[in-house]
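The values are calculated or read from the model by the stated rules, or taken from the named source; none is laboratory data. For clarity, every value in this text was computed on a predicted model and none was experimentally measured. All Cβ positions, glycine included, derive from the backbone under ideal geometry; neighbour counts span all protein chains shown.
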Amino acid sequence: MTSTFRFLATGLGALGFAFSASAQQAKAPDPAVLKKAAYNIDKHVANLYKRKKLKVPEVVDDATFLRRSFLVAAGRIPTLEESRMFLEIEDEKKREMLASYLMSDKNDGYRSTMVNWVSDLLRLTDAFNEGQAAPYVKFVHDAMSNNMPWDDFARQLLSAKGSGWSEGNGAVGYFIRDKGMPLDNLSNTMRIFTGERMECAQCHDAPFHKWERMQFYELAAFTNGQEEINRGPWRSVWREVRDAKEERTEFGRLVEWLGDNVHYFTLAGGGKGRIKLPSDYQYRDGDPGEVIGGKTHFGKRIRSSDRRDDQTAREDFANWMVTANDNFTSIIVNRMWQRIMGKGIYEPVDEFTKSDKTITPELMDYLITLMRDDLNYDLRAFQHVLLLTRNFQFAANPEAFEAGMPQAFNGRQIERMSAEQVWDSLVTLTAGNPDKLPKRRFSDTIYYGGKPVLVGQKTMGQLSKELLAIQKPGEYKSYVSQLLSSIKAGNSGASKDAMMAMQRAGRPGPASGMARASELPAPAPNGHLLRMFGSSDRDLIDSATREPNMAQVLSVMNGYVEKMVVSNRSSAVYKALEAGTSDRDKVRFLYYSILSRSPTPEEMALLMRDVIDGSQESYENLTSALISTHEFIFVQ
């Protein structure tokens, strides 16, 4: 069994996860480097306890470690097979092997939970205010699947330009997400990537923060000029349509659709590098309407001219963001520490704090160097290191809290699962390993009127390229008329291969709805279990909540849980009954499946005496009871 688990830890064993064979995977770091880094982190934590004159906490038992690791690193509870594989072997290195298994580049659970995390951070939705956002969503999914280094990810988002429908250019969606609100976009950018809160400085010098209004606009100059590509011909045709009151004609509806789905998803130029101060600017360092150039205010400072447009301003800003200041690395280190340990080294996690102002400056400096210089912003490798630490395994110690030890160094405190962890765990109980379920598909198919059109004839990429090349309104109008004729003609002449392509055309999420949260449309609709349990509406950064409400109780008692799992006799959880040869085995395997542990002797005695009579109904009652417990819904 031990050798089997070692083989499994490579990600190639019998429980291997589905993954994209064509994906460009980052080179796996040397395991020895990861172990050494984890050892160094634990030394810093041990020194912190020594300074506090506290005993270093004990580590949690195997069952707690197993469930904690899966929920944190894979976003779900382990399957019955995974629980048995870990709990029923004796090997002093099995925790290390489990971390390798979960962080294997072939483990789709990591990709899925990271998609959820990044999507909440970026407020990623399947549609913009106007038109669909599929290429942007695909960019994020691909980046997490391919383990794109965080600095490359940020740089691509912040320097993107062109059409979002161009091959591989979905990153343009970062600015399109906030179209018409470039100042809000800048505020979000600074908060996400540097931990600087600048919202107040949009309107006035911030009395409780360090930012002045002038400084905000000097930064905004770099990303100013977010215009659409060649909007003029479309605007002329649309004005003609409106003047003739033909908006609801077939031609008018198609013109409007093209504006929303093709032109809207474009970003011209590379940023002006200069901006006008607002008409209500109220300070002595500038005049209302004055044109100012871009200027940064920390790290290695850069600036642009106020005399002419700078076509590389966004690229310059992106390079400054990821290479010329310590904020960028510190913030992503703190966010990753929070993901694994439950709390950031400094809180709030997105408000930058200098290393020497934290409780352990030496550790913070070491983590920044590790992330930037040793791991080159490989987030999976960095999280792998954290999973290998003793700090991750700590059991909470009340005495340490009383002595002022932050939660970041005192074991994960009990907290309710996130909405995505709840959903993905229920999917695991229903369908088995959820990483083997259908994935979201993306395609370049043109969807008009909710249906795929021109399949095998034209794609969104081709349509975008052709439209954006048109310079004259008359030519644009003729193109739309011809396009409308082609759409109305339908796909009657399409080849068999084209019709198959239509059936495979990507839409948001698998049609069955039985898939991981990362594969479903976002945000989830009101009434869905994800929303009941507080998933983000993607309006604000990290706006998910874990607050309890009555809808959650009802969904467990007689809603989703009852329909998905308990009353569904084909649910994967009942494979435990097939695996057991006795009532005691069956009960133990149900515990493995749902709580990732064995029942205590007292629980087993009670169940054998008062609950289990060998009938299917008695096991369904036990299943319902276990899922309804606090132990199931909480992460320890």
- [ ] Please find, within the range 594-636, the residue that is surrounded by the most Cβ atoms within 10 Å (Cβ to Cβ) out of those that are of a type in the set (Asp, Glu) and free of Cβ contacts under 8 Å to residues at least 40 places away in the same chain.
- [x] Glu631
Open item on the list: Looking at the range 567-598 only, could you name the residues that are assigned to a helix (DSSP H, G or I), closer than 19 Å to Phe86 by Cβ and under 35 Å from the mean Cα position of the chain (by Cα)?
Closed with: Ala572, Val573, Lys575, Ala576, Arg588, Phe589, Leu590, Tyr591, Tyr592, Ser593, Ile594, Leu595
Open item on the list: With under 38 Å from the mean Cα position of the chain (by Cα) and crowded, with 19+ Cβ neighbours inside 10 Å as the only criterion, which of His263, His297 stands out?
Closed with: His263
Task: Test: Gly344 is touching a residue at least 40 places away in the same chain (Cβ under 8 Å), touching a strand residue (DSSP E or B) at 6+ places or on another chain (Cβ under 7 Å) and not in a helix (DSSP H, G or I) - done: no
Task: Failed item, numbered, when Tyr377 is tested on (1) at pLDDT 95 or above; (2) of a type outside the set (Lys, Arg); (3) surrounded by fewer than 22 Cβ atoms within 10 Å (Cβ to Cβ); (4) farther than 29 Å from Met198 by Cα - done: (4)
Task: Residues (within 24 Å of Ile77 (Cα to Cα) and assigned to a loop (DSSP other than H, G, I, E, B)) located in the range 599-633 - done: Pro599, Thr600, Ser628, Thr629
- [ ] Identify, from the list Ala99, Ala73, Ala127, Ala63, the residue that is surrounded by fewer than 23 Cβ atoms within 10 Å (Cβ to Cβ), small (Gly, Ala, Ser), in contact (Cβ under 8 Å) with a residue 40 or more places away in the chain and outside the structural domain of Leu577 (by TED's automatic domain parsing).
- [x] Ala63
TODO: Mind listing whichever residues of the range 439-467 are closer than 15 Å to Gly259 by Cα and touching a Ser or Thr at 6+ places or on another chain (Cβ under 6 Å)?
DONE: Ser464
Open item on the list: Of everything in the range 55-96, what is part of a helix (DSSP H, G or I), in contact with a helix residue (DSSP H, G or I) (Cβ under 7 Å, 6 or more places away or on another chain) and among the β-branched types (Val, Ile, Thr)? Give them in sequence order.
Closed with: Val72
Task: Selected residue [closer than 30 Å to Thr545 by Cβ, crowded, with 19+ Cβ neighbours inside 10 Å and either of a type in the set (Val, Ile, Thr) or modelled with pLDDT of 95 or more (or both)] from Asp424, Asp435 - done: Asp424
Open item on the list: Criterion first (of a type in the set (D, E, K, R), modelled with pLDDT under 90 and either more than 29 Å from Glu617 (Cβ to Cβ) or not assigned by TED's automatic domain parsing to the domain that holds Ile627 (or both)) does Arg538 satisfy it?
Closed with: no
- [ ] Out of Val262, Val291, Val255, report the one residue that is farther than 22 Å from Met181 by Cα and modelled with pLDDT of 95 or more.
- [x] Val255
Open item on the list: Condition check: within 26 Å of the chain's Cα centre (by Cα), modelled with pLDDT of 95 or more and among the basic types (Lys, Arg). Does Arg84 satisfy that?
Closed with: no
TODO: Go through Ala419, Ala395 for me and flag whichever is touching a strand residue (DSSP E or B) at 6+ places or on another chain (Cβ under 7 Å), in contact (Cβ under 8 Å) with a residue 12 or more places away in the chain and not polar (S, T, N, Q).
DONE: Ala395
Open item on the list: I'd like to check something: does the range 173-191 contain any residue that is over 25 Å from Gln156 (Cβ atoms), assigned to a loop (DSSP other than H, G, I, E, B) and touching a Phe, Trp or Tyr at 6+ places or on another chain (Cβ under 9 Å)?
Closed with: no
Task: Counted residues, the range 423-448 - those being closer than 23 Å to Glu82 by Cβ and touching a helix residue (DSSP H, G or I) at 6+ places or on another chain (Cβ under 7 Å) - done: 13
Open item on the list: For the structure I just gave you, tell me whether Gln282 is surrounded by fewer than 15 Cβ atoms within 10 Å (Cβ to Cβ) and over 33 Å from the mean Cα position of the chain (by Cα).
Closed with: yes
Open item on the list: Being out of contact with any helix residue (DSSP H, G or I) (no Cβ under 8 Å at 6 or more places or on another chain) and of a type in the set (Val, Ile, Thr) is the filter here; which residues of the range 354-399 pass it?
Closed with: Thr369
Open item on the list: Suppose we filter the range 189-237 for residues that are over 25 Å from Gly164 (Cβ atoms), in contact (Cβ under 8 Å) with a residue 12 or more places away in the chain and not polar (S, T, N, Q); how many remain?
Closed with: 16
Task: Filter result (more than 19 Å from Ile192 (Cβ to Cβ), part of a loop (DSSP other than H, G, I, E, B) and touching a residue at least 24 places away in the same chain (Cβ under 8 Å)) within the range 536-555 - done: Arg546, Pro548
Open item on the list: I'm told Lys496 meets every condition in (1) touching a Pro at 6+ places or on another chain (Cβ under 8 Å); (2) modelled with pLDDT under 60 except one. Can you identify the failing condition by its number?
Closed with: (1)
